[in-house]
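Engineer: This structure is in structure tokens; I'll ask about it shortly.
Readers should treat all values here as calculations from the given coordinates under stated rules, not as data from a laboratory. If you're wondering where the values come from, they're calculated on a predicted model, not measured in any experiment. A quick note on method: Cβ atoms are made from the backbone with ideal geometry, for glycine too, and the neighbour counts reach across all protein chains shown.
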Amino acid sequence: MQEKIRKQLHELSDPDYRKFSQKLTPNAKNILGVRMPHLRKIAQQIIKSDWEIYLKAAPEDSFEEIILQGLVIASIRIPIDQRLLLIQQFISKIDNWAVCDIFCGALKIKPQEKAIVWEFLQPFLGDHRPFYLRFAIIMLFKFIDEEHIDIIFSIIADFHHEHRYVRLAVAWLIAECCVYFSEKTIALLETKTVDRTMQNVAIRKITESFRIDAAIKTKVKQLKKI
């Protein structure tokens, strides 16, 4: 199975898309240049055949092969406790923002699974390894609701990390919170406890968003840190 998949990936590789992806994700290793619709289709083929055998010996020689593993783990129909075990194993393979965000985006959480996933994320929110932490932050997007928003803001207010892709993830999280909880987001930014870079990047993302009202953008612009 592994050789067949590898052959498929090489046949689907696009040199122009490879160059584009390399510029977008400079720290990713061995990008072949396979577009996401092809990867999703291959992931579904794996799930329909024998995903367990695939995951036990899945190759990791390219960016796309790691993404494939993530797509399979995110899409197979298994109980949440089994999925979390596979996620735990997969996180150590994340070494760039694209694999992280594609994986998190593919993961779907059922309402009855939210409590166990929230608990699962807590150790990662205290982890200083950049992509363990970025994984947890991007997963918080799935918890932007009445129950969790105040906890998310308390995490953001006390947050400090030097890694660029971690800080960008926090800024993006703030901007996403503003879509659903604009007044609370403005109140957080008004405290000016958020790191300067993260606050200013969040403000830029908010002002660029098509989902946020112009009046809110005007308020937020005034909170930029000099």
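Engineer: Specify the residue that is farthest from the chain's Cα centre (by Cα); the eligible residues are those in the range 75-98 that are assigned to a helix (DSSP H, G or I) and small (Gly, Ala, Ser).
Structural biologist: Among those residues, the one meeting the criterion is Ser75.
For every residue, the table says whether it meets (1) within 18 Å of Gly33 (Cβ to Cβ); (2) touching a helix residue (DSSP H, G or I) at 6+ places or on another chain (Cβ under 7 Å); (3) of a type in the set (A, V, I, L, M, F, W, C).
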position	(1), (2), (3)
Asp50	no, no, no
Ile53	no, no, yes
Lys56	no, no, no
Asp61	yes, no, no
Ala74	no, yes, yes
Arg77	no, no, no
Gln82	no, no, no
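Engineer: Does the range 36-50 contain at least one residue that is surrounded by 15 or more Cβ atoms within 10 Å (Cβ to Cβ) and either in contact with a His (Cβ under 8 Å, 6 or more places away or on another chain) or not in a helix (DSSP H, G or I) (or both)?
Structural biologist: No: zero hits.
Engineer: Out of Asp150, Asp101, Asp127, report the one residue that is part of a helix (DSSP H, G or I) and farther than 21 Å from Ile76 by Cβ.
Structural biologist: Criteria check complete, one pass: Asp150.
Engineer: Now for a separate question. Restricting attention to the range 24-33, does a residue exist that is assigned to a helix (DSSP H, G or I), surrounded by 13 or more Cβ atoms within 10 Å (Cβ to Cβ), touching a helix residue (DSSP H, G or I) at 6+ places or on another chain (Cβ under 9 Å) and without any contact (Cβ under 8 Å) to a residue 60 or more places away in the chain?
Structural biologist: Taking every residue of the range 24-33 in turn, none turns out to be assigned to a helix (DSSP H, G or I), surrounded by 13 or more Cβ atoms within 10 Å (Cβ to Cβ), touching a helix residue (DSSP H, G or I) at 6+ places or on another chain (Cβ under 9 Å) and without any contact (Cβ under 8 Å) to a residue 60 or more places away in the chain.
Engineer: Looking only at the range 180-199, how many residues end up being buried (at least 16 other Cβ atoms within 10 Å of the Cβ) and of a type outside the set (Gly, Ala, Ser)?
Structural biologist: 9
Engineer: Collect the residues in the range 137-156 that are more than 21 Å from Ala98 (Cβ to Cβ) and surrounded by 13 or more Cβ atoms within 10 Å (Cβ to Cβ), keeping them in residue-number order.
Structural biologist: Phe143, Ile144, His148, Ile149, Ile152, Phe153, Ile155, Ile156
Engineer: Which of the residues that make up the range 52-69 are farther than 23 Å from Pro15 by Cβ and either under 13 Å from the mean Cα position of the chain (by Cα) or charged (D, E, K, R) (or both)?
Structural biologist: Within the range 52-69, Glu52, Lys56 meet the criteria.
Engineer: May I pose another question? Does Val72 satisfy being in a helix (DSSP H, G or I) and either over 17 Å from the mean Cα position of the chain (by Cα) or free of Cβ contacts under 8 Å to residues at least 40 places away in the same chain (or both)?
Structural biologist: yes
Engineer: Give the range 72-81 a look and list any residue that's closer than 19 Å to Leu121 by Cα and either in contact with a Phe, Trp or Tyr (Cβ under 7 Å, 6 or more places away or on another chain) or surrounded by 19 or more Cβ atoms within 10 Å (Cβ to Cβ) (or both), or say none.
Structural biologist: Ile73, Ala74
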